[in-house]
Amino acid sequence: MKVFVIGARGFPKVQGGIEKYCEELYSRLVENNGIEITGLVIPKYYKEKIDEWKGIKFIHIKSVKSKNFEKILYGLIASLITIIKRPDIAHFHGLSCGLYIPLVKLFGIKVILTFQSRDYLYPKWGKLAKFIWRLSEKAALKSDMILAVSKAHTEYLRQYTDRVVRIPNGVEVNHLKVSVEEEEFYLKKYGLRKEGYIFFAGRFTPEKAIEDLICAFEQLNDNRCKLVIAGDADHEDSYSRKIKERASRTEHIILTGFVTGKELQTLFSNAKLFVLPSKFEGLPHVLLEAISFRIEVLASNIEANLQVTLEASCYFEQGNTEDLRKKIRYFVENRSSDQEKLRRLEMLQKEYNWDNIADKIYERYKELI
């Protein structure tokens with residue numbers, strides 16, 4: 001069985017939810033089922049060019065440096081290569097390349113789409129971009145099968161097609177082995193101590209509402225902890241510049257840029273608290289990842305976050321920086337019980353187990369062909 005992967009900027013070790021999804025899923029499908037996987041990726045997101053990883057082959061596609069047109073051009077080239085190479089299945093991730101799904105299907109290639117989010121709802125896009133996103137969604141509805149990662153998306157899509165299956169994002173609970181020396185190195189790199197900082201990881205985009213977290217941290221005015229923000233913008237814009245400028249003016253805020261692997265794992269596992277202040281999410285992989293490290297978590301009360309069943313104290317009113325400040329203060333001074341952290345881990349292993357998710361997707365592949 002030959003599968004081409006379209007829509008991920010790159011994997012492994014490329015920061016991002018879709019990228020982590022592909023890293024975890026396809027490594028398992030190759031190892032357990034012997035599928036021939038080819039990822040069509042954008043080389044600029046790699047620190048070093050990778051032609052093969054764990055039996056997965058990569059085709060590198062150069063694209064324009066543009067927030068609005070990078071994925072559109074990449075999607076066109078990736079789709080044309082797919083048509084020429086004729087795999088059994090083209091697995092699209094996200095709506096960014098959805099415009100080309102009907103074209104790929106014309107050539108007898110089965111198409112499966114993982115539907116992560118309704119991107120046109122995000123505030124970062126202008127009218128033209130939102131129009132294109134909606135066209136992409138209409139085109140994506142032509143897929144032979146759609147995997148929806150959340151209950152809300154499943155219900156939404158079933159208004160238009162019956163070819164929808166809910167399979168959530170997964171999370172790895174067996175983490176990389178990080179030595180004491182490596183851990184000390186990464187903490188020292190940023191001047192951090194264990195449980196001495198609040199942590200956020202993600203792209204610098206308006207839907208992440210990073211400014212709310214910075215505002216709440218400023219109001220906290222507590223010298224006992226720092227705020228570490230890991231991530232950056234794919235393309236520098238006014239929002240990312242605003243976040244960086246504001247962070248640079250505020251004492252005890254550290255910007256790390258994009259980090260992956262053991263460095264990212266060290267920042268997760270030693271944080272006092274992880275905060276996700278988003279306005280919009282699909283099913284936030286980063287929140288699941290934070291839970292897997294058994295640290296305290298705090299998320300906005302949007303629907304996507306609420307479906308990850310945490311106790312009420314782990315949510316704050318989205319956009320309410322005073323509520324966010326109070327909840328941060330609570331977790332700086334208190335901690336969840338070991339019993340509650342164990343319940344969360346059991347929830348991850350039951351509902352978001354990557355091995356089970358990979359098996360389910362493999363069955364869908366077989367069903368298609």
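Each reported figure results from applying straightforward, stated rules to the coordinates on display, with no laboratory input. Predicted model only: the values in this text are computed from it and were never measured. Quick reminder, even Gly has a Cβ in these numbers, built from the backbone with ideal geometry, and neighbours come from all protein chains shown.
Just a few scattered comments:
- For region 201-217, 3J(HN,Hα) per residue [Karplus equation, 6.51 cos²θ - 1.76 cosθ + 1.60, θ = phi - 60°, Hz, x = Gly/Pro]: 9, x, 6, 7, 9, x, 5, 7, 6, 5, 4, 5, 5, 5, 4, 5, 5
- Cα-based Lys proximity count in region 128-188, under 27 Å, for pairs eight or more positions apart or on separate chains: 6
- Mean Cα-pair separation over length for region 180-350, i.e. relative contact order, pairs under 8 Å, 6 or more apart, %: 24
- Protection proxy ranking of 289-301, 215-227, 241-253 - average other beta-carbon atoms within 10 Å, highest first: 289-301, 215-227, 241-253
- Global form of region 6-153, assessed from the alpha-carbon gyration tensor, a/c cut-off 1.5: rounded
- Report note on the peptides 276-286, 179-189: ranked by the mean count of other C-beta atoms within 10 Å, highest first, their order is 276-286, 179-189.
- When shorter helices are ignored and each DSSP H run of at least 4 residues is given -39500 (n - 2.57), the per-residue value for the chain at 222 nm works out to -12500 deg cm²/dmol.
- The chain: relative contact order in percent, alpha carbon pairs under 8 Å with at least 6 residues between: 16
- Shape of region 180-350, Cα gyration tensor, a/c cut at 1.5: rounded
- Ordering of 350-359, 198-207 by packing [mean C-beta count within 10 Å, highest first]: 198-207, 350-359
- Gyration tensor verdict on the chain (Cα atoms; rounded if a/c is under 1.5, prolate if a/b is larger than b/c, oblate otherwise): prolate
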